[in-house]
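Just below is one structure, and these are the notes that go with it.
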Amino acid sequence: MSLNRGIVAKYKADNPYIIKVSSTLPLAMVLTAECEEGIYCFDSPEDALKSEFFEDVETGNLKKYLELGVNEFPVIVPIIVSVVNIKLDNENNEDKELMKSSIIEAVNALRKASSTINKASKKGDPITYKPDIIVVPDYHIGDLDICNSINTVCTYLGARTFFDADAELNSEALAFRANFTSDRITLAKCGLGKWNITLNQTDFYCASAVLAFLRVYIDGQSTVGYSKSISNRILPFSSVKYPVEFIAGKQDETDSLTEKQIMSFISYNGIRSWEYATCTNTIWKDARRVRIFDLAAKATVDALFESVDKDIDELMACKRALENFMADLVGQNVMVDGFKVYLNMKLTTQTAIDEGRFYLEVDCDDMPSPRLIEVTYNKVSQSAEKIYKMFEEA
């Protein structure tokens with residue numbers, strides 16, 4: 001049929017782009033085991049634990065932490081496991097220096113995890129996921145080189161991590177906290193304990209793994225779980241490695257930690273997480289806020305990618321898509337109503353337009369999460385008339 005004569009039917013959409021925060025937020029863990037080293041990806045921690053690759057593992061911390069996720073934080077979320085073999089010295093003890101180097105290499109390998117061949121894939125397919133959370137249970141504790149490598153990779157990927165200060169004293173936690181200025185890191189004072197019925201003793205778990213699993217568990221509670229705080233959550237543990245005194249409504253030992261954005265674990269009708277912040281003193285010290293804006297930005301890039309190098313109509317479609325996205329977030333109580341989507345005229349100059357560069361901005365504010373609720377009872381003397389009436393009616 002000719003395009004110049006007759007009837008031509010087409011279809012188009014004024015708003016072809018839909019921006020939505022993904023509910024698939026992969027967790028990456030660097031774990032030790034006696035199996036083939038490399039990066040494995042599974043659909044869930046349970047799939048990883050039951051896989052043929054890990055079923056015969058008896059050494060290292062791999063099974064310990066995968067079982068933690070399966071038994072205490074049952075989630076279905078992609079998990080990337082970067083396996084490091086335990087290196088031994090001539091006396092058959094763990095070679096700490098060689099292990100340190102191997103751990104750092106395993107962390108750095110996660111930079112390219114999304115394009116790395118998945119050792120768990122029989123077809124040899126790439127992983128395709130980028131980690132949203134990266135943790136290195138046990139081995140990062142007290143080691144600034146490993147901690148800094150984790151922070152660097154998280155910054156590169158726009159991911160986040162959790163550190164365990166393993167501090168008996170608050171002063172030790174504060175000293176460790178002083179090493180970091182990053183909105184990628186959430187620091188906890190120490191680990192948590194659970195009774196081991198096989199060994200008849202308490203096993204302690206690195207806070208980095210506990211909080212990583214708690215984060216993805218809260219994510220899965222609703223479509224906007226990613227925007228919720230993980231502070232003041234009851235945890236399935238029986239003890240805190242180094243307890244702090246907590247007195248509800250009074251000054252206590254948690255206050256000095258909270259002031260420096262350090263999470264503690266308190267006993268108050270159960271063992272609870274207390275504080276959820278990053279290691280920075282800016283407005284981005286709220287770890288919940290950082291994650292909301294992180295994931296909103298990622299969703300925007302993914303959704304609007306197809307509009308690049310297209311017609312000018314696509315720019316208008318991008319604006320409408322952003323407005324719809326923000327309206328959705330307002331409706332879900334993630335953002336406060338009153339947002340604005342506009343073209344930054346100062347940056348979008350005639351020269352920029354000639355070069356095809358357009359700068360859109362979104363003014364918005366995340367819905368606040370109350371961290372302090374103060375109630376004051378005021379004694380006022382205004383009862384005389386009611387007392388007189390009560391007396392007369394007696």
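The number of residues in the stretch 49-71 that are in contact (Cβ under 8 Å) with a residue 40 or more places away in the chain and over 18 Å from the mean Cα position of the chain (by Cα) comes to 4.
Hey, does the stretch 295-318 have a residue that's touching a strand residue (DSSP E or B) at 6+ places or on another chain (Cβ under 9 Å), polar (S, T, N, Q) and open to solvent by less than 50 Å² (accessible area, probe 1.4 Å)? Among the residues of the stretch 295-318, at least one is touching a strand residue (DSSP E or B) at 6+ places or on another chain (Cβ under 9 Å), polar (S, T, N, Q) and open to solvent by less than 50 Å² (accessible area, probe 1.4 Å), which makes the answer yes. Scanning the stretch 248-262 for residues that are among the small types (Gly, Ala, Ser) and either assigned to a helix (DSSP H, G or I) or under 17 Å from Asp164 (Cβ atoms) (or both) returns a single hit, Ser256. Considering only the stretch 154-186, state which residues are of a type in the set (Ser, Thr, Tyr), open to solvent by 30 Å² or more (accessible area, probe 1.4 Å) and either assigned to a loop (DSSP other than H, G, I, E, B) or closer than 18 Å to Phe213 by Cα (or both). Of everything in the stretch 154-186, just one residue is of a type in the set (Ser, Thr, Tyr), open to solvent by 30 Å² or more (accessible area, probe 1.4 Å) and either assigned to a loop (DSSP other than H, G, I, E, B) or closer than 18 Å to Phe213 by Cα (or both), namely Thr181. Of all residues in the stretch 139-155, those that are more than 12 Å from Asn179 (Cβ to Cβ) and in contact (Cβ under 8 Å) with a residue 60 or more places away in the chain have Cβ atoms under 8 Å from Cβ atoms of residues that are among the acidic types (Asp, Glu) and open to solvent by 30 Å² or more (accessible area, probe 1.4 Å), 6 or more apart or on another chain, in Ile141/Asp166. Among the residues of the stretch 356-363, none qualifies, meaning not one is within 29 Å of Gly158 (Cβ to Cβ), in a helix (DSSP H, G or I) and within 25 Å of the chain's Cα centre (by Cα). How many of the residues making up the stretch 273-308 are in a loop (DSSP other than H, G, I, E, B) and at negative phi? Summing the residues that are in a loop (DSSP other than H, G, I, E, B) and at negative phi in the stretch 273-308 gives 6.
When Ile103, Ile117, Ile134, Ile127 are checked against the criterion of being open to solvent by 30 Å² or more (accessible area, probe 1.4 Å), among the β-branched types (Val, Ile, Thr) and touching a strand residue (DSSP E or B) at 6+ places or on another chain (Cβ under 7 Å), a single residue qualifies: Ile117.
The values are calculated or read from the model by the stated rules, or taken from the named source; none is laboratory data. Every value quoted in this text rests on a predicted model; they were computed, and no experiment measured them. Every residue, glycine as well, gets a Cβ built from its backbone with ideal geometry; the counts of neighbours run over all protein chains shown. To get the accessible areas, we keep the full protein, side chains included, count just its heavy atoms, and leave off ligands, DNA and RNA. Shrake-Rupley method; radii C 1.70, N 1.55, O 1.52, S 1.80 Å.
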